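Peer 1: One structure coming up, written as structure tokens, with questions to follow.
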Amino acid sequence: MAELRLTGRPASPGLALSRLFVLADASRAAASRPAEDPEREAERLRKAIADAIAELERVASQADEDARDILEFQVAMLGDEALSEAAFAVISDGGDAAGAWQAALDTQVDEYANAEDEYFRARSADLADLRDRVLRILSGATQQSIPAGTVLVALDLPPSRFLGIDWKAGAAIALAGGSPTSHVALLARARGVPMVVGLGADVMRVPSGQEAMIDGERGTLVVAPGEATRAAAQVREAEIRKRQAIADTFQRGKAKLPNGEAVMVMINAAGPDELSLLDPAICDGIGLVRSEFLFSGATLPDEETQYRAYVRILEWAGGRPVTIRTLDAGGDKPVKGLTLDDEGNPFLGTRGIRLSLLKPDVFRVQLRALCRAAVRGNLKIMLPMVATPRDLAQGRAHLAAVIADLAARKMPYAEPPLGIMVEVPAAAIAIDRFDADFYSIGSNDLTQYVMAAARDIAALSDYADAADPAVLSLIARTVEHGKHTGREVSLCGDAASDPAIVPHLLDAGLRSLSVSASSVGLVKAAIAGALVG
Ligand code: PEP
Ligand code: MG
């Protein structure tokens with residue numbers, strides 16, 4: 001076979017060369033059979049769900065803590081009656097258990113898989129796993145076993161399958177679909193398994209047994225690599241190993257400039273699940289919690305659900321500062337039933353604080369949960385997409401009202417500092433008009449608005465340069481205002497995780513960065529000037 005190069009998205013760094021193993025699509029495992037009496041069909045489905053829960057609990061009881069959290073999340077999803085409601089409705093209309101379950105779950109998997117938000121797309125793998133597990137149990141089939149040490153090719157990979165593989169033997173994962181923020185990608189990164197997602201359906205047509213090379217940093221899979229590709233890979237492998245060894249030595253230490261000046265390095269988080277994989281000692285706190293993770297379900301999260309999630313995050317941080325951003329729905333992150341779907345240009349539409357002010361009932365539930373959780377740690381609240389001082393003043397007024405209500409009811413609460421994201425150029429240009437307790441620069445949005453190039457259009461990615469002088473000047477302006485007024489300024493966009501951009505951010509005066517957890521070591525090494533040359 002001639003060399004075949006496929007390009008997807010990087011999900012877990014590292015290089016691997018091994019034989020491919022193509023995993024068959026398990027979602028069609030359901031053997032259709034005529035329906036019996038609805039009560040018996042319902043009983044079969046109930047039993048299969050219970051057996052699937054027992055299976056997952058068995059795997060969870062033998063798993064590490066990080067993996068256990070993910071499996072328990074799946075158990076909770078499977079135990080939620082809302083998930084199976086539609087299937088039982090089909091059964092009572094005369095459907096068979098497998099067909100009803102498959103149809104109901106297919107719809108939900110599709111909804112998640114087609115969501116615009118990456119976070120919700122990533123959850124579709126969990127749902128597909130639950131669908132296939134129950135279908136397999138209903139059909140009485142056993143699971144296809146995956147040989148160790150191979151480059152595993154699949155449409156998508158559920159976390160429970162990942163955990164059943166002995167990764168000590170090496171190799172990697174190549175997915176036709178998938179997402180870099182899926183649970184399985186988190187696990188792959190935590191265990192150092194190279195992974196590429198979004199390779200497209202063609203990858204499923206490559207025969208098992210072919211040799212292939214995967215580059216988890218560049219997002220490529222080369223099937224039947226030729227001599228030149230192998231030689232280039234050896235050079236890259238040596239480079240990666242060297243850089244990773246440097247990053248590892250910096251991972252747990254305090255970040256310092258070559259002159260010894262301290263720099264805060266915090267992490268970004270999309271919820272408590274992914275934190276359980278991490279040691280809090282590697283960071284100075286959490287600079288950004290994207291609270292959108294709570295809004296992925298069919299219904300809006302109630303105050304208790306939010307309170308519990310915020311407390312879990314604060315407990316993980318153990319007294320380190322935690323900045324939780326209020327809901328930033330809208331733009332490329334629609335929330336069903338909440339965001340407006342008739343806007344021609346959602347990035348310039350009713351997103352972030354604009355939506356929260358439009359839906360004060362939803363906003364106040366979140367603020368109440370945050371103020372109650374604030375007694376359990378060092379919590380700060382941050383408002384996204386603030387463009388006018390009025391946005392901040394109205395946000396503050398809602399916070400004051402929530403606090404007055406909690407006080408009147410004699411409920412335990414604390415009043416967290418209230419900061420703003422600086423991601424709309426109007427805020428950065430006239431930063432002295434914004435009387436916030438702290439500022440965090442959202443370089444992703446700031447760059448897209450300054451460069452007039454939507455962040456989700458891949459063809460415009462050359463414009464998405466946070467090191468452009470126009471963007472850097474707004475960053476420097478915000479830092480200057482913070483210094484002048486004694487308020488903290490940090491940066492939590494993706495630019496902070498890019499070791500090539502970090503020197504520019506430091507030159508602009510920043511001394512606090514919030515980065516993706518997987519880049520902490522590299523960023524600290526870049527701050528120390530250890531990656532030069
Ligand atoms: C940003 O805009 O840089 C940011 C951190 O927020 P998000 O990527 O969630 O819009
Ligand atoms: Mg943003």
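The rows are residues; the columns are (1) open to solvent by less than 30 Å² (accessible area, probe 1.4 Å); (2) polar (S, T, N, Q).
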site: R487; (1), (2): no, no
site: S490; (1), (2): yes, yes
site: L505; (1), (2): yes, no
site: S514; (1), (2): yes, yes
site: S519; (1), (2): yes, yes
site: A525; (1), (2): yes, no
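Peer 1: As an exercise: evaluate F295 against (1) touching a Pro at 6+ places or on another chain (Cβ under 8 Å); (2) more than 16 Å from ligand 2 (Cβ to nearest atom) and give the number of the one condition it does not meet.
Peer 2: Evaluating F295 over (1) touching a Pro at 6+ places or on another chain (Cβ under 8 Å); (2) more than 16 Å from ligand 2 (Cβ to nearest atom) leaves (2) as the failure.
Peer 1: Still on this structure, please answer the following. Name the one entry in A453, A428 that is within 15 Å of ligand 1 (Cβ to nearest atom), modelled with pLDDT under 95 and either hydrophobic (A, V, I, L, M, F, W, C) or part of a loop (DSSP other than H, G, I, E, B) (or both). Working first, answer last.
Peer 2: Working: A428 fails: modelled with pLDDT under 95.
It is A453.
Peer 1: Of the conditions (1) modelled with pLDDT of 85 or more; (2) in a helix (DSSP H, G or I); (3) touching a strand residue (DSSP E or B) at 6+ places or on another chain (Cβ under 7 Å), A228 fails just one. Which one is it?
Peer 2: Among (1) modelled with pLDDT of 85 or more; (2) in a helix (DSSP H, G or I); (3) touching a strand residue (DSSP E or B) at 6+ places or on another chain (Cβ under 7 Å), the lone unmet condition for A228 is (3).
Peer 1: Another question about this same structure. Out of the stretch 241-272, which residues are among the hydrophobic types (A, V, I, L, M, F, W, C) and either farther than 30 Å from D328 by Cβ or open to solvent by 50 Å² or more (accessible area, probe 1.4 Å) (or both)?
Peer 2: If we filter the stretch 241-272 for residues that are among the hydrophobic types (A, V, I, L, M, F, W, C), which is where we start, we get 245-247, 250, 255, 257, 262-267, 269-270.
Scanning the stretch 241-272 gives A245, I246, F250, L257, A262, M264.
Peer 1: Please verify whether the stretch 467-476 includes one or more residues that are within 23 Å of A269 (Cβ to Cβ), within 16 Å of ligand 1 (Cβ to nearest atom), open to solvent by less than 40 Å² (accessible area, probe 1.4 Å) and not basic (K, R).
Peer 2: Taking the stretch 467-476 as the starting set, the residues that turn out to be within 23 Å of A269 (Cβ to Cβ) are 475.
Now restrict to residues that are within 16 Å of ligand 1 (Cβ to nearest atom): 475.
Filter again for open to solvent by less than 40 Å² (accessible area, probe 1.4 Å), leaving 475.
Next, only the ones that are not basic (K, R) stay: 475.
Within the stretch 467-476, one or more residues are within 23 Å of A269 (Cβ to Cβ), within 16 Å of ligand 1 (Cβ to nearest atom), open to solvent by less than 40 Å² (accessible area, probe 1.4 Å) and not basic (K, R).
Peer 1: Quick one: R40 ticks every box in (1) open to solvent by 80 Å² or more (accessible area, probe 1.4 Å); (2) of a type in the set (D, E, K, R); (3) in contact with a Leu (Cβ under 9 Å, 6 or more places away or on another chain) bar one, so which box is it?
Peer 2: Every condition holds for R40 apart from (3).
Peer 1: Mind listing whichever residues of the stretch 431-450 are away from ligand 1 (no atom under 15 Å from the Cβ) and either more than 23 Å from M266 (Cβ to Cβ) or not assigned by TED's automatic domain parsing to the domain that holds D494 (or both)? Show your work before the answer.
Peer 2: Filtering the stretch 431-450 for residues away from ligand 1 (no atom under 15 Å from the Cβ) gives 431-437.
Those that are away from ligand 1 (no atom under 15 Å from the Cβ) and either more than 23 Å from M266 (Cβ to Cβ) or not assigned by TED's automatic domain parsing to the domain that holds D494 (or both): D432, R433, D435.
Peer 1: What pairs can you find where one residue is in the stretch 189-207 and modelled with pLDDT under 90, the other is assigned to a helix (DSSP H, G or I) and surrounded by fewer than 13 Cβ atoms within 10 Å (Cβ to Cβ), and their Cβ atoms are less than 8 Å apart, with a gap of 6+ or different chains?
Peer 2: none
Peer 1: Scan the stretch 395-424 for residues that are open to solvent by less than 30 Å² (accessible area, probe 1.4 Å) and either without any contact (Cβ under 8 Å) to a residue 24 or more places away in the chain or within 16 Å of ligand 1 (Cβ to nearest atom) (or both) and report the count.
Peer 2: 6
Peer 1: Looking only at the stretch 480-517, how many residues end up being closer than 21 Å to I286 by Cα, among the hydroxyl-bearing types (S, T, Y) and in a helix (DSSP H, G or I)?
Peer 2: The qualifying residues number 1.
Peer 1: Still on this structure, I have one more. Does at least one position in the stretch 277-289 carry a residue that is closer than 17 Å to S497 by Cβ and touching a Cys at 6+ places or on another chain (Cβ under 7 Å)?
Peer 2: yes
Peer 1: Out of all the residues in the stretch 81-94, which are surrounded by 11 or more Cβ atoms within 10 Å (Cβ to Cβ) and modelled with pLDDT of 90 or more? Don't jump to the end; show me each part of the working.
Peer 2: Start the filter on the stretch 81-94 by keeping residues that are surrounded by 11 or more Cβ atoms within 10 Å (Cβ to Cβ), which leaves 82-92, 94.
Correct list: L83, S84, E85, A86, A87, F88, A89, V90, I91, S92, G94.
Peer 1: Checking A374 against (1) within 16 Å of ligand 2 (Cβ to nearest atom); (2) touching a Pro at 6+ places or on another chain (Cβ under 6 Å); (3) at pLDDT 95 or above: exactly one of these is not met. Which one?
Peer 2: (1)
Peer 1: Could you please give the count of residues in the stretch 8-25 that are modelled with pLDDT of 90 or more and of a type outside the set (A, V, I, L, M)?
Peer 2: 3
Peer 1: Answer with yes or no whether V450 is open to solvent by 10 Å² or more (accessible area, probe 1.4 Å) and within 16 Å of ligand 2 (Cβ to nearest atom). Full working, then the answer.
Peer 2: Numbers: open to solvent by 10 Å² or more (accessible area, probe 1.4 Å): yes; within 16 Å of ligand 2 (Cβ to nearest atom): yes.
Judged against the criteria, V450 is a match.
Peer 1: Moving to a separate point now. Could you please give the count of residues in the stretch 474-507 that are among the basic types (K, R) and within 16 Å of ligand 2 (Cβ to nearest atom)? I'd like the intermediate steps shown before the answer.
Peer 2: The first filter runs over the stretch 474-507 and keeps only residues among the basic types (K, R), leaving 477, 483, 487.
This time we only want the ones that are within 16 Å of ligand 2 (Cβ to nearest atom), so: none.
The qualifying residues number 0.
Peer 1: Assess whether G344 counts as being touching a residue at least 12 places away in the same chain (Cβ under 8 Å) and either among the small types (G, A, S) or outside the structural domain of A470 (by TED's automatic domain parsing) (or both).
Peer 2: Details: touching a residue at least 12 places away in the same chain (Cβ under 8 Å): no; either among the small types (G, A, S) or outside the structural domain of A470 (by TED's automatic domain parsing) (or both): yes.
The answer is no for G344.
Peer 1: Please tell me if T150 is outside the structural domain of L78 (by TED's automatic domain parsing) and modelled with pLDDT of 80 or more.
Peer 2: Working: outside the structural domain of L78 (by TED's automatic domain parsing): yes; modelled with pLDDT of 80 or more: yes.
In short, yes.
The values are calculated or read from the model by the stated rules, or taken from the named source; none is laboratory data. Being a predicted model, the structure only gives us computed values, none of them experimental. All Cβ positions, even for glycine, are placed from backbone atoms using ideal geometry, and neighbour counts span all protein chains on display. We work out accessible area using only protein heavy atoms, side chains counted, and drop any ligands, DNA or RNA first. Shrake-Rupley method; radii C 1.70, N 1.55, O 1.52, S 1.80 Å.
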